């Protein structure tokens, strides 16, 4: 049946292509897209800095927004946001959905869950946001803060977070950012180290501080963002702590006579704590000049944006990618609508059956993403198609390949988008135009798949907290996958030899080496960690430089590709180097995997895998193997299940062309949740290798012993 249907579709599309080709050729002008992809994207200068190193600098035309900001002498975040408020006036600025109530909803299994009753987006324009910022900034002074003090922002992504940050900049207060999912130990560390007196948090997170404040002696004040439905309980806090609601601070500020206290470019703006994948989170200290330079660099690289663009904000604002993204879109005059994982799609946890998620209401054209989100879309769509049966799978694959073929010829396929991919595109609102991706390695398969089915440019970038997310980004016209793009104009990218790993800038056909990033966007260093700062940062040629520890390859069109990481390389018994992160990135697309950690020892000839499996996939496999009704823990430990998953994983690894020594020789299915609370992943869901190794040490010994026997 499927074979006959595909034959009919092949004939039909062949005739359709012949009849419509002239029309599409005239309307879409595919040669423009092909030329944009093939030609060198921007003018470049290559500088040989010294023996054993090559520096790449992008010579890119400034965007209109950057030119205007430089003409206005914008060199601090206070000036940058004031420029945006004045320029954009009555345009929509920040939006959030109205919460009308909460209702019980009975599920098919009889359980009852609370669901939101949501209205549409309510918007404040730039003038209104500017007034809020001014009022909150004066309120901070009324509470008792002085210029150059610090405030800690510990809350979910929402308008009040960004308003509080801009208000702090207006009074020359530095903000300390912590992920809202950070464990107690990480929160205490960040608050104690920075000696903040004021914590800005939310209704949901406020209770956490009843127990934590005993370990945070410098804290005097807490400001919480109210919940639209529930009254906040302030009881149980030490008497020496003054607690205010966001509205109370607004009221204080509205009656205040305090003026502004503008910062200088060299004043500290942000102390952003990293996710802590290699140990205790480090606070990256950024001056105003670093972040303003980075936002201007973003503007040059990501432009053009249009008046009809809309941005959906949902990543943690404590993540540098989201903070820089919102800063860029705010200056560009693009409305920012706030969302969360609980309300984003029509099927999100807090959305009632039949109601619309945030993306459906907002219909955004842009969103920043991390690979985890795209991996979930990739595997979710694949699973849905598979559940539709062999005929549906065959039809989907036919049209997927059909569209991909025409994409690489420079064409779009609007009919295929409307008939085949419309439901998938509706998951992100149906109008998505571009999605800057960063934060971790993105699988080429995931990038190509999501670009094809979502009909959006997946602009993979490379950067770090220490460089304000600035290093490289792929441009709109780039049709390739698995690469990180060209240098952003505000930084230089340098490759230097790494002899131990056998990577040299003299390698052919492309230079390879450790990636160093230098320029105005590079941070000052790590807060109160002078030794670590001296190890990773240095000054040269009037620039601040950062040693990333990543291994890159620079291709002929000056596009960077990250191929290894010094700390992730493991040398096996016969001398082969395994890049753990690279193998994990490739295997994450295996449907059975939610998350994966690869481990290897130099005394062994193969690596092993620890897998946090997809519950839906594993339980379906259990049914197939006659093990329905088995508990989750027993299913993960069942030898037949483990053997079956290992066999399929190895076949998949060969299919995606991993080297023999990169294919796991044994695995463990982990029933434990890998969450920030468990301490096995960071707040950004990056692997914590040492805690994972310690947690599964007994299993490591067992797996190697069993495989050897």
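Of the helices (runs of 4 or more DSSP H) that lie entirely inside region 131-245, those containing 2 or more residues that are touching a helix residue (DSSP H, G or I) at 6+ places or on another chain (Cβ under 7 Å) and in contact (Cβ under 8 Å) with a residue 60 or more places away in the chain span 159-170.
Every test in (1) crowded, with 19+ Cβ neighbours inside 10 Å; (2) out of contact with any helix residue (DSSP H, G or I) (no Cβ under 8 Å at 6 or more places or on another chain); (3) modelled with pLDDT of 95 or more; (4) more than 30 Å from residue 664 (Cα to Cα) is passed by residue 559 save one, and that test is (3).
Looking at 345, 331, 365, which is the one that is in contact with a helix residue (DSSP H, G or I) (Cβ under 8 Å, 6 or more places away or on another chain) and farther than 28 Å from residue 111 by Cα? On inspection, the qualifying residue turns out to be 331. For region 479-526, a residue qualifies if it is crowded, with 23+ Cβ neighbours inside 10 Å and assigned to a loop (DSSP other than H, G, I, E, B), and the qualifying residues are 484, 488, 489, 490, 521, 522, 523.
Looking only at residues of region 468-478 that are crowded, with 24+ Cβ neighbours inside 10 Å and in contact with a helix residue (DSSP H, G or I) (Cβ under 8 Å, 6 or more places away or on another chain), we find that the one that is farthest from residue 585 (Cα to Cα) is 468. Regarding region 256-265, can at least one residue be identified that is farther than 30 Å from residue 68 by Cα, surrounded by fewer than 24 Cβ atoms within 10 Å (Cβ to Cβ) and either assigned by TED's automatic domain parsing to the domain that holds residue 691 or in contact with a strand residue (DSSP E or B) (Cβ under 9 Å, 6 or more places away or on another chain) (or both)? Looking for residues that are farther than 30 Å from residue 68 by Cα, surrounded by fewer than 24 Cβ atoms within 10 Å (Cβ to Cβ) and either assigned by TED's automatic domain parsing to the domain that holds residue 691 or in contact with a strand residue (DSSP E or B) (Cβ under 9 Å, 6 or more places away or on another chain) (or both), one finds none in region 256-265, hence no.
Can you tell me which residue within region 275-308, out of those that are in contact with a strand residue (DSSP E or B) (Cβ under 6 Å, 6 or more places away or on another chain) and in a loop (DSSP other than H, G, I, E, B), is surrounded by the most Cβ atoms within 10 Å (Cβ to Cβ)? Only one residue tops the list, namely 282. What is the residue count in region 641-655 for residues that are without any contact (Cβ under 8 Å) to a residue 40 or more places away in the chain and under 18 Å from residue 615 (Cβ atoms)? The total comes to 3.
For region 521-533, state whether one or more residues are in contact with a strand residue (DSSP E or B) (Cβ under 7 Å, 6 or more places away or on another chain) and on the phi > 0 side of the Ramachandran plot. Scanning region 521-533, I find at least one residue that is in contact with a strand residue (DSSP E or B) (Cβ under 7 Å, 6 or more places away or on another chain) and on the phi > 0 side of the Ramachandran plot, so the answer is yes. Each residue in region 65-100 was checked for being without any contact (Cβ under 8 Å) to a residue 60 or more places away in the chain, under 19 Å from residue 260 (Cβ atoms), touching a helix residue (DSSP H, G or I) at 6+ places or on another chain (Cβ under 6 Å) and not in a helix (DSSP H, G or I), and 1 of them qualify. The residue list 409, 431, 483 contains one member that is in contact with a strand residue (DSSP E or B) (Cβ under 9 Å, 6 or more places away or on another chain) and modelled with pLDDT of 90 or more, which is 483.
To keep it simple, each residue is scored yes or no on (1) part of a helix (DSSP H, G or I); (2) surrounded by fewer than 18 Cβ atoms within 10 Å (Cβ to Cβ); (3) more than 21 Å from the chain's Cα centre (by Cα).
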position	(1), (2), (3)
345	no, no, no
354	no, yes, yes
391	yes, yes, yes
396	yes, no, yes
401	yes, yes, yes
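Among the conditions (1) touching a residue at least 40 places away in the same chain (Cβ under 8 Å); (2) farther than 23 Å from residue 223 by Cα; (3) out of contact with any helix residue (DSSP H, G or I) (no Cβ under 9 Å at 6 or more places or on another chain), residue 307 misses just one, which is (1).
Listed here are the helices (runs of 4 or more DSSP H) enclosed by region 637-709 that have at least 1 residues being modelled with pLDDT under 95, over 31 Å from the mean Cα position of the chain (by Cα) and not assigned by TED's automatic domain parsing to the domain that holds residue 280: 639-655, 697-708.
The values are calculated or read from the model by the stated rules, or taken from the named source; none is laboratory data. All of these numbers come straight from a predicted model, not from anything done at the bench. Because the Cβ atoms are built from the backbone with ideal geometry, glycine has one as well, and the counts that use them run over all protein chains shown.
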